[in-house]
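Please treat every number below as a calculation from the coordinates, not as lab data. Bear in mind that the values here come from a model prediction, so they are computed numbers and not experimental data. Using ideal geometry, Cβ is built from the backbone for each residue, glycine included, and neighbour counts are taken over all protein chains shown.
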Amino acid sequence: MPLLPFKFMGLQRIDIEAQREYAFHGCLKEEAIIGSEYRIDLSVWAELARSAKSDALEDTVDYVTLRQIVTEEMAHRAHLLETVCARIIQRIFQDLPTVQRAQVKVCKLNPPMEGDAHAVCVTFLEENPGQTGKAL
């Protein structure tokens, strides 16, 4: 059934929720050896009206590519979650220039700290400088 003659306005969002990765981030020497579980939530905004009409993968932002970017960047050790978030967003804008905005939340599950905390998370929300002219 064809889509109604509706004009989509603005940006649409693609989310990947609770991607799990095992990685070796952290400032402690032990974290580089034993690693930790991480949960990553990712949202990207782009104009998806064309893909909604064409029903063609080449007209959208491929969420498989987004997942691969997260996996590849999580594999590169960093001391800080801030660094990981920044790398993921920069890769998305580099590899998928139609993405106009991205938000990534990286959570270290059961972090090595005193007390009981399920996770420690860092979230970055950025506009694509290629779309806005604003530097990251």
Inter-label distance for LEU11 and THR98, nm, one decimal - labels placed 7 Å from Cα along Cα-to-Cβ: 1.5
Disulfide-incompatible cysteines by the Cβ rule (no partner under 4.7 Å) in the chain: CYS27, CYS85
Inter-site label distance for TYR63 and GLU30 at 7 Å from Cα along Cβ, in nm: 3.7
Dipole magnitude of the chain, debye to nearest 20 (Cβ charges: Lys/Arg +1, Asp/Glu -1, about Cα centre): 300
Where labels lie 7 Å past Cα in the beta-carbon direction, separation of VAL120 and GLU72 in nm: 2.9
Lysine pairs meeting the criterion (Cα under 25 Å, 8 or more apart or interchain), as found in the chain: 4
Cα-based helix-to-principal-axis angle, 63-74 vs the chain, degrees rounded to 10: 20
MRE, 222 nm, helices only [DSSP H, n ≥ 4, -39500 (n - 2.57), over the chain, to nearest 500]: -9000 deg cm²/dmol
With Cα atoms, 0 to 90° folded angle of helix 81-95 axis to the chain main axis: 30
Average Cα contact separation per residue, the stretch 12-130, under 8 Å, 6 or more apart, as relative contact order %: 27
Gyration tensor (alpha-carbon) shape descriptor, the stretch 12-130, a/c threshold 1.5: prolate
Positive-end residue, the chain charge dipole about Cα centroid, Cβ charges, pick of TYR63, GLN94, LEU80: GLN94
